[in-house]
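**Q** Following this message is one structure expressed as structure tokens.
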Amino acid sequence: MNKVQANQTTAQPLLSSTAKIAIIGGGVAGSTIALRFAELGLNTTLIEKGPSLVNGPPICHLHAGGNLYREICDEQCITLLQQSIDTVRVYPQSVNVRPTVIALPKTDHGQPEDLLPRLEKLRAKYSELVAKDSRNKVLGEPADYFRFYSRDEVDVLRSKAIPNEATQDSDWLISFAHHVDLDRLKFPVLLVQEYGLSAFRFAAIASLAIDTLPSCHLQTDSQVVAIIQQKTALGWQVSTQYQQSQTIHHQQFDYVINACGFKSGEIDDMVSAKRKRMVEFKAAYVAHWPECQGLWPEIVFYGERGTPQGMAQLTPYPDGYFQLHGMTQDITLFDQGLVASCQQSAQPKLAQRFIEKIDKQWPEQLVNNRTLGSIEHIAQFVPGFNTATVAAKPLFGAQQIPGEDADLRTADVSFYGQHYARTEIVKASSALAAADAILQNLVDCGLIAESELGNYLTEHYFPISQQCSEYEVTERAIMLAKQRDYPIALAKNL
């Protein structure tokens with residue numbers, strides 16, 4: 001494929017560096033770093049084991065404030081807010097612009113008012129970021145970042161028809177008012193501007209831009225089998241094997257980035273890099289509810305993780321499709337699904353049954369049982385949802401968590417020795433922060449000149465990525481959904 005399409009303008013590379021960068025792993029982190037570097041003109045090779053980019057753990061939510069996680073500290077929430085704003089600015093076509101409604105069941109240990117102090121901090125931070133740079137106003141007006149609605153206010157909405165478009169924030173609550181068993185909830189309920197994030201559209205943008213960028217060399221279906229540090233220089237020899245070949249290819253690079261997600265430990269072991277990390281296998285489920293009409297927000301019912309009353313999450317897509325999470329051991333979480341690395345290896349060892357789900361396929365009965373269980377979990381709050389049906393195989397994968405804190409949700413990158421970095425993002429919105437940190441390290445190592453970067457050491461420069469049109473992104477996202485056997489609704493914007 002021609003790297004430069006006739007209908008697109010090209011940007012001159014900013015950097016004259018001759019450094020060659022290898023990125024191992026084409027997930028959210030690897031793809032984002034590849035785009036960040038190649039847009040600047042760095043010679044970047046992206047090596048991906050699978051046939052396409054961004055095909056890892058389920059992504060559906062832009063955590064613009066971390067309000068799904070009561071257990072994390074305010075600092076993590078503020079970091080997630082800042083990173084989410086950056087993500088919307090760079091990848092606007094991947095965002096489903098609709099708010100999230102958060103409700104506390106009467107069985108929950110908390111009270112809605114407990115959320116207020118953190119929300120006020122987040123709103124103040126968002127207001128500060130917008131005042132600093134008006135381009136940060138991607139979540140609506142700061143004053144409207146969140147709002148609580150009383151039982152009386154929600155009851156009034158039940159008399160209104162469910163709209164197809166929102167003209168005011170309360171319109172998003174009309175379907176909630178019609179379909180949720182309000183007697184099971186504590187009031188007020190919260191509406192917050194945490195949007196959706198589409199994995200298929202994210203993958204589409206990455207692949208479209210990489211197709212176009214002359215500095216980015218994508219190698220799919222390629223497995224890294226060895227990495228050896230060069231004896232005469234600070235670089236690396238990376239050996240890869242194409243899926244359909246027995247031939248081993250050796251390539252020389254000045255800097256290696258390990259972006260292998262839950263398999264990062266395998267690459268660490270190749271270079272004898274010690275690292276404590278955890279890996280958690282998780283799944284989300286896809287259901288179809290044809291009776292669904294009109295405008296739906298994302299809806300989250302709080303609960304205690306790992307118990308039968310774990311959080312229930314209903315994420316809407318067009319045409320009556322929903323992605324479902326239930327933070328119980330029978331739905332999104334799995335018994336023995338969280339494992340840690342050991343003294344002998346940086347790679348946590350998932351049980352074989354999880355590896356088979358990742359590398360092969362799920363047994364049909366398990367797909368049905370877990371999807372129906374997730375439908376039932378949602379239906380305890382949305383009774384009509386019990387008529388929803390299994391629509392596809394689960395969205396699944398393993399998520400890495402660096403260190404020893406299973407509740408950590410903000411992380412970006414760590415370094416080993418010289419000229420080797422590992423991305424350790426937990427949430428997709430942290431990928432840009434990881435790219436920024438590694439770019440700074442390239443400057444510190446003398447591989448690129450800070451003077452050539454100018455403001456773009458900290459500001460994001462994505463002229464080619466941001467040329468992707470709505471039509472192009474949707475078409476490529478639909479193609480990827482079909483290739484991966486998922487409903488095309490998951491590739492469309494609301």
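**Q** Quick check on the range 442-460. Is at least one of its residues at positive phi, touching a strand residue (DSSP E or B) at 6+ places or on another chain (Cβ under 9 Å) and either surrounded by 23 or more Cβ atoms within 10 Å (Cβ to Cβ) or among the polar types (S, T, N, Q) (or both)? Lay out the reasoning, then the answer.
**A** Applying the first criterion (at positive phi) to the range 442-460 yields 446, 454.
With touching a strand residue (DSSP E or B) at 6+ places or on another chain (Cβ under 9 Å) added as a condition, the list becomes none.
There is no residue in the range 442-460 that is at positive phi, touching a strand residue (DSSP E or B) at 6+ places or on another chain (Cβ under 9 Å) and either surrounded by 23 or more Cβ atoms within 10 Å (Cβ to Cβ) or among the polar types (S, T, N, Q) (or both).
**Q** For the structure I just gave you, tell me whether residue 102 is assigned by TED's automatic domain parsing to the domain that holds residue 314 and modelled with pLDDT of 95 or more.
**A** On the way: assigned by TED's automatic domain parsing to the domain that holds residue 314: yes; modelled with pLDDT of 95 or more: yes.
So residue 102 passes the test.
**Q** I'd like to verify a number: residues in the range 166-195 that are assigned to a loop (DSSP other than H, G, I, E, B), in contact with a helix residue (DSSP H, G or I) (Cβ under 8 Å, 6 or more places away or on another chain) and surrounded by fewer than 22 Cβ atoms within 10 Å (Cβ to Cβ), how many?
**A** Result for the range 166-195: 2.
**Q** Moving on. Can you work out which of the residues in the range 72-87 that are touching a residue at least 60 places away in the same chain (Cβ under 8 Å) and within 16 Å of residue 458 (Cα to Cα) is surrounded by the fewest Cβ atoms within 10 Å (Cβ to Cβ)?
**A** Out of the qualifying residues, it is 86.
**Q** Exactly one of these conditions fails for residue 264: (1) within 21 Å of residue 359 (Cα to Cα); (2) surrounded by fewer than 20 Cβ atoms within 10 Å (Cβ to Cβ); (3) in contact (Cβ under 8 Å) with a residue 60 or more places away in the chain. Give me its number.
**A** (2)
**Q** Another question, then. Is the range 133-149 home to any residue that is more than 26 Å from residue 59 (Cβ to Cβ), among the polar types (S, T, N, Q) and at pLDDT 95 or above?
**A** Scanning the range 133-149, I find at least one residue that is more than 26 Å from residue 59 (Cβ to Cβ), among the polar types (S, T, N, Q) and at pLDDT 95 or above, so the answer is yes.
**Q** Please state which of the following conditions residue 161 fails to meet, knowing it meets all the rest: (1) in contact with a helix residue (DSSP H, G or I) (Cβ under 8 Å, 6 or more places away or on another chain); (2) assigned by TED's automatic domain parsing to the domain that holds residue 51; (3) not aromatic (Phe, Trp, Tyr).
**A** Every condition holds for residue 161 apart from (2).
**Q** A further question on this structure: Among the residues of the range 85-117, how many are closer than 12 Å to residue 145 by Cβ, touching a helix residue (DSSP H, G or I) at 6+ places or on another chain (Cβ under 6 Å) and not in a loop (DSSP other than H, G, I, E, B)?
**A** Summing the residues that are closer than 12 Å to residue 145 by Cβ, touching a helix residue (DSSP H, G or I) at 6+ places or on another chain (Cβ under 6 Å) and not in a loop (DSSP other than H, G, I, E, B) in the range 85-117 gives 1.
**Q** Next up: Could you please give the count of residues in the range 402-430 that are at pLDDT 85 or above and assigned to a strand (DSSP E or B)?
**A** 7
**Q** Now for a different question. For the range 311-343, which positions are of a type in the set (Gly, Ala, Ser), within 19 Å of residue 70 (Cβ to Cβ) and touching a residue at least 60 places away in the same chain (Cβ under 8 Å)? Can you show your working first?
**A** The first filter runs over the range 311-343 and keeps only residues of a type in the set (Gly, Ala, Ser), leaving 312, 320, 326, 337, 340-341.
So of that shortlist, the ones also within 19 Å of residue 70 (Cβ to Cβ) come out as 312, 326.
If the condition is that a residue be of a type in the set (Gly, Ala, Ser), within 19 Å of residue 70 (Cβ to Cβ) and touching a residue at least 60 places away in the same chain (Cβ under 8 Å), then 312 is the only one that fits.
**Q** While we're looking at this one, here's another question. Pick out the one residue from 257, 205 that is surrounded by 23 or more Cβ atoms within 10 Å (Cβ to Cβ), of a type in the set (Val, Ile, Thr) and in a helix (DSSP H, G or I).
**A** Sole residue among the options that is surrounded by 23 or more Cβ atoms within 10 Å (Cβ to Cβ), of a type in the set (Val, Ile, Thr) and in a helix (DSSP H, G or I): 205.
**Q** Right, here's the next one. For the list (1) closer than 26 Å to residue 308 by Cα; (2) buried (at least 18 other Cβ atoms within 10 Å of the Cβ); (3) of a type outside the set (Asp, Glu); (4) out of contact with any Cys (no Cβ under 8 Å at 6 or more places or on another chain), I need the number of the one condition that residue 67 fails.
**A** (4)
**Q** Take the residues in the range 27-53 that are among the polar types (S, T, N, Q) and assigned to a helix (DSSP H, G or I); name whichever of them is surrounded by the fewest Cβ atoms within 10 Å (Cβ to Cβ). Reasoning before the result, please.
**A** Quick first cut of the range 27-53, residues among the polar types (S, T, N, Q) only: 31-32, 43-45, 52.
Still in the list and also assigned to a helix (DSSP H, G or I): 31-32.
On the way: 31: 27, 32: 30.
For the range 27-53, the residue satisfying everything is 31.
**Q** Name the residues in the range 57-70 that are part of a loop (DSSP other than H, G, I, E, B) and either in the same structural domain as residue 310 (by TED's automatic domain parsing) or within 23 Å of residue 396 (Cβ to Cβ) (or both), would you?
**A** Across the range 57-70, the qualifying residues are 57, 58, 59, 60, 62, 63, 66, 68, 69.
For (1) among the small types (Gly, Ala, Ser); (2) more than 22 Å from the chain's Cα centre (by Cα), each residue gets a yes or a no:
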| site | (1), (2) |
| --- | --- |
| 99 | no, no |
| 103 | yes, yes |
| 112 | no, yes |
| 131 | yes, yes |
| 140 | yes, no |
| 149 | no, yes |
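**Q** Taking the conditions exactly as written (more than 15 Å from residue 421 (Cα to Cα) and over 19 Å from the mean Cα position of the chain (by Cα)), does residue 236 satisfy them or not?
**A** On the way: more than 15 Å from residue 421 (Cα to Cα): no; over 19 Å from the mean Cα position of the chain (by Cα): yes.
Judged against the criteria, residue 236 is not a match.
**Q** Only one residue in 301, 281, 322 is crowded, with 21+ Cβ neighbours inside 10 Å, assigned by TED's automatic domain parsing to the domain that holds residue 395, among the hydrophobic types (A, V, I, L, M, F, W, C) and within 30 Å of residue 258 (Cβ to Cβ). Which one? Reasoning before the result, please.
**A** Details: 301 fails: within 30 Å of residue 258 (Cβ to Cβ); 322 fails: within 30 Å of residue 258 (Cβ to Cβ).
It is 281.
**Q** If you take the residues in the range 231-268 that are at pLDDT 95 or above and polar (S, T, N, Q), which one is nearest to residue 442 (Cα to Cα)?
**A** The residue in question is 258.
**Q** Moving to a separate point now. Counting only residues that are touching a strand residue (DSSP E or B) at 6+ places or on another chain (Cβ under 7 Å) and among the aliphatic types (A, V, I, L, M), which one in the range 40-63 is modelled with the lowest pLDDT?
**A** Per the criteria, the residue is 59.
The values are calculated or read from the model by the stated rules, or taken from the named source; none is laboratory data. In this text the structure is predicted, and so the values were computed from the model without any measurement. Cβ sites come from the backbone with ideal geometry, for glycine too, and all protein chains shown count toward neighbours.
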